[in-house]
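The values are calculated or read from the model by the stated rules, or taken from the named source; none is laboratory data. What you see is a predicted model; the values in this text were computed from it and never measured. Side chains included, ligands, DNA and RNA excluded: accessible areas come from the protein's heavy atoms. Shrake-Rupley method; radii C 1.70, N 1.55, O 1.52, S 1.80 Å.
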Amino acid sequence: MPISLFRDARDYQIAFLATFLLLGIGNRDWSLRPEFLVVVVVTCLGTQLAATLFSRWLTIVMPLRVSTAPTINASNASLPVHAPLPINVRSPLITSLSLCLLLRADHASTFILAGMLAILSKFLLRSADKHFFNPANFGIIAALLLTGDAWVSPGQWGEEGWYALLFAGTGGLVLKRVGRWDTTAAFLGSYGLLEAARNLWLGWEWDVLTHRLMSGSLLLFALFMITDPRSIPNARIGRILWAIAIAWLTFILRNQFFLSTAVFWALFALAPLTLVIDTLWSAPRFSWQATAQRARRRFTGRAPLAANP
């Protein structure tokens with residue numbers, strides 16, 4: 001297998017999410033219409049292309065404004081004003097696969113809306129050259145708020161333990177490469193303790209706790225969504241406190257307001273807090289290019305090359 005293929009951690013994530021989608025369709029009998037899956041992928045890729053080309057147009061016709069404003073595409077922050085912008089396909093693929101796994105609707109227009117708003121959130125809702133909403137989570141919440149057609153099915157994976165092991169193993173591989181295990185551990189640890197305390201207080205059987213913590217959607221959220229390194233706090237202490245806050249809000253929304261989709265609403269509500277945390281605890285921003293260079297060094301034993309603008 002070529003070194004360049006899986007040098008980027010996002011390549012693993014795309015492969016794993018696509019595998020989960022195939023397992024869900026083939027093994028769980030999800031009633032997903034194939035044309036809707038195509039619609040989501042095409043919408044996300046098309047919106048990414050259009051937004052990137054528009055950002056390139058801005059650098060040509062408005063060079064003075066762009067030179068003093070944050071670069072729209074964070075992965076190309078070091079580009080000269082007139083350098084061509086490469087098209088990022090990994091990010092929209094991850095977003096589209098996440099939407100396919102988590103979002104359900106009866107009409108293609110709902111998926112189109114979710115995909116477009118998910119990708120545009122990266123370009124429009126940003127500060128200090130960083131988007132603070134997870135794109136897939138933003139698309140899901142937008143579809144839930146703006147349409148009466150969308151829903152999320154937290155129990156679609158059932159309670160089979162091998163799904164949890166699969167998610168943990170594959171998610172662990174990605175998290176090891178991007179170095180964001182702390183976020184998942186803080187969220188699952190805090191949320192698990194809160195649910196365990198409630199279970200003990202109410203005198204319920206421990207099977208109830210197992211049922212809550214083995215939810216496939218919860219594990220996908222904890223391993224692949226809340227750990228998005230481009231939209232979460234940069235500093236480790238900031239990520240841990242932020243993840244604990246999301247766990248607390250999830251617990252409250254689920255047990256006081258009986259929201260089965262509490263994790264998605266909690267992440268959406270607390271996402272802007274990332275900006276405050278990054279101000280309080282300064283740390284270098286995550287770079288996919290730097291991660292790929294470190295992987296190349298491990299494989300080849302040579303020093304990483306400078307990032308290609």
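Wrap a convex hull around the Cα atoms of the range 104-210, take a quarter of its surface area, and give that in square nanometres.
Across all orientations, the range 104-210 yields a mean hull projection of 9.6 nm².
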Mean accessible area per residue over the range 100-181 (1.4 angstrom probe, all protein chains present, square angstrom) is 39
With a/c under 1.5 counting as rounded, go ahead and sort the range 153-274 into rounded, prolate or oblate using the C-alpha gyration tensor (a ≥ b ≥ c being the square roots of the eigenvalues; past the cut-off, prolate if a/b is larger than b/c, else oblate). oblate
